[in-house]
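Just below is one structure, and these are the notes that go with it.
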Amino acid sequence: MKKRILVTGHLPDKIMTNLSKEYEAEINVEDKPLDRQKLLYGIKDKDGLLSMITDVVDEDMLGRANRLKMIAQFGVGYNNIDVTAATERGIPVSNTPGVLTDATAELAFALILAISRRVVEGDRMTREGRFRCWAPMLFLGREVTGKTLGIIGMGKIGKAVAQRARCFKMPILYHSRNRINISEEKQLMAKYVDMKELLSQSDFISLHVPLSDETRHLVGSQELSLMKPTSYLINTSRGPVVDEKALLQALRRKKIGGAGLDVYENEPALTPGLAELDNVILLPHIGSGTLETRFRMAAMAVANLIAGLSGQVPPNLVNPDVLSHRRL
Ligand code: DGY
């Protein structure tokens with residue numbers, strides 16, 4: 001008998017066809033998340049789950065999934081899954097690291113350039129017919145080249161952003177849970193500093209930490225108050241890393257230069273008032289949203305799912321403790 005799987009998001013057709021040959025697959029083909037009731041119902045009789053970052057896979061849900069033997073997350077972040085509860089139940093969990101590094105770093109840089117050179121504002125003005133003629137002081141932005149970039153979280157994506165910053169001759173300050181080795185620091189021309197120095201000295205601050213209890217509201221009113229009035233905050237990590245209400249106040253009062261956001265505290269909802277401001281760019285969580293990357297993420301998630309369901313160790317296992325007592 002074929003194993004049963006639930007795939008909660010629409011993946012590239014070729015990948016879906018292959019999965020359907022191998023498994024009895026229930027697939028959510030709509031471009032919106034399954035609501036909780038459907039997810040609870042769908043997961044009950046499944047052996048495998050290919051989950052999206054929008055699925056809340058908590059203890060209650062796992063308690064009802066008696067047959068579940070593998071959760072393959074489509075995404076590098078997996079804060080939507082209660083990994084401790086999965087481990088206790090013997091369920092391996094995997095993610096898709098590495099394949100979205102370049103795409104996410106590109107988007108962080110797109111936001112750096114777009115917010116400082118007022119690309120979105122300029123587009124709006126031109127479309128609305130407000131561009132009447134060229135003038136020397138028209139619509140001035142701030143230059144990126146040579147400005148200091150502060151990177152919070154120097155993992156794969158943080159490093160990829162640092163590499164791109166070298167083309168713009170940007171000195172780099174960074175703060176991270178773990179300091180990277182000296183040779184890498186030299187190669188990236190990055191200096192390890194504490195949060196206070198990073199916040200007060202950087203012209204751009206780009207966030208690349210996973211969401212956890214330690215990083216929730218890592219940037220709040222106190223941190224924002226340390227930033228220069230001309231500096232910009234860029235967030236392509238997870239929304240709750242920033243206290244969005246505090247950010248709204250800082251942007252409204254022009255306490256900082258601006259912000260480029262791809263993620264939100266209560267995604268997809270925005271803190272009321274944010275969308276009315278010109279000094280913020282708002283994107284719909286598309287950090288890894290390229291054709292190439294989404295294909296690679298899907299292939300990786302499927303490889304993890306297949307390995308997990310055939311009793312092997314999934315290549316991108318995030319809870320290795322599970323191996324001593326996994327469900328088979
Ligand atoms: C991830 O993989 O965590 C991304 O945020 C999804 O695009």
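The values are calculated or read from the model by the stated rules, or taken from the named source; none is laboratory data. For clarity, every value in this text was computed on a predicted model and none was experimentally measured. Glycine gets a Cβ as well: all are built from the backbone with ideal geometry, and neighbour counts include every protein chain shown. Note: areas computed on protein heavy atoms with side chains; ligands, DNA, RNA excluded. Shrake-Rupley method; radii C 1.70, N 1.55, O 1.52, S 1.80 Å.
Observations on the structure shown:
- Failed condition for LYS254, given (1) part of a loop (DSSP other than H, G, I, E, B); (2) within 11 Å of the ligand (Cβ to nearest atom); (3) open to solvent by 20 Å² or more (accessible area, probe 1.4 Å): (2)
- Close contacts from the range 285-296, counting a first residue that is closer than 14 Å to GLY9 by Cβ and a second that is within 11 Å of the ligand (Cβ to nearest atom) and part of a helix (DSSP H, G or I), with Cβ to Cβ under 6 Å and a gap of 6+ residues or different chains, come to SER288/ALA103; SER288/THR104.
- Residue in the range 101-109 that is away from the ligand (no atom under 13 Å from the Cβ), buried (at least 19 other Cβ atoms within 10 Å of the Cβ) and not in a helix (DSSP H, G or I) present: no
- So GLU267, is it more than 16 Å from the ligand (Cβ to nearest atom), open to solvent by less than 90 Å² (accessible area, probe 1.4 Å), more than 27 Å from GLY141 (Cα to Cα) and modelled with pLDDT of 95 or more: no
- The sole residue among VAL318, VAL280, VAL241, VAL302 that is within 13 Å of the ligand (Cβ to nearest atom), in contact with a Leu (Cβ under 7 Å, 6 or more places away or on another chain) and open to solvent by less than 80 Å² (accessible area, probe 1.4 Å) is VAL241.
- Screening THR126, THR145 for residues that are closer than 28 Å to SER288 by Cβ and among the hydroxyl-bearing types (Ser, Thr, Tyr) leaves exactly one candidate, THR145.
- The sole residue among MET125, MET137 that is more than 16 Å from the ligand (Cβ to nearest atom), farther than 29 Å from TYR192 by Cα and without any contact (Cβ under 8 Å) to a residue 12 or more places away in the chain is MET137.
- Unmet criterion (only one of (1) under 30 Å from GLY90 (Cβ atoms); (2) at pLDDT 95 or above) for GLU276: (1)
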